[in-house]
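Everything on this sheet refers to the single structure shown next.
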Amino acid sequence: WSWPGPNKRPVYNFRSEGREFSSNRSLIVADGFYEFTDPIVPKKKRKDKWLFTKKDEPIFCIAAIWRDTPEVGEAFTMLTMEPGPDIAPYHDRQ
């Protein structure tokens, strides 16, 4: 994966299918995440925002990897995969 230039965010989503990560693994603790879609109402200027949480669970974890570089410092990337049936109508990965 590549690191951003100046003034860019050091966070990426990174597809994990078929890859093994033997070091620098991490978990991101979350209580939800958002996906954005084109607006249902065509005249609306902003995208529609959908909040996803776990039913009957206050928190969950998202798989991640991290590294420390001189250019950025500590940075991480969330690992993604093909979406499940609950997320697929909103996004092409989860």
For segment 42-94, give me the residue count where each residue is in a strand (DSSP E or B), of a type in the set (A, V, I, L, M) and either without any contact (Cβ under 8 Å) to a residue 12 or more places away in the chain or closer than 24 Å to E20 by Cβ (or both). 7
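Give segment 51-94 a look and list any residue that's farther than 29 Å from D38 by Cβ and hydroxyl-bearing (S, T, Y), or say none.
Taking segment 51-94 first, the residues farther than 29 Å from D38 by Cβ are 56-59, 61, 65-75.
The one that is farther than 29 Å from D38 by Cβ and hydroxyl-bearing (S, T, Y): T69.
Restricting to segment 3-32, and then to whatever is of a type in the set (A, V, I, L, M, F, W, C), at pLDDT 90 or above and surrounded by 13 or more Cβ atoms within 10 Å (Cβ to Cβ), can you tell me which residue is nearest to E71 (Cα to Cα)? Please lay out each step first, then the result.
Here is the first cut: in segment 3-32, the ones of a type in the set (A, V, I, L, M, F, W, C) are 3, 11, 14, 21, 27-30.
Next, from what is left, pick out any that are at pLDDT 90 or above: 27-30.
From what's left, surrounded by 13 or more Cβ atoms within 10 Å (Cβ to Cβ): 28, 30.
Values: I28: 23, A30: 27 Å.
Among them, the one singled out is I28.
The values are calculated or read from the model by the stated rules, or taken from the named source; none is laboratory data. Please read all numbers here as calculations on a predicted model, not as lab measurements. A quick note on method: Cβ atoms are made from the backbone with ideal geometry, for glycine too, and the neighbour counts reach across all protein chains shown.
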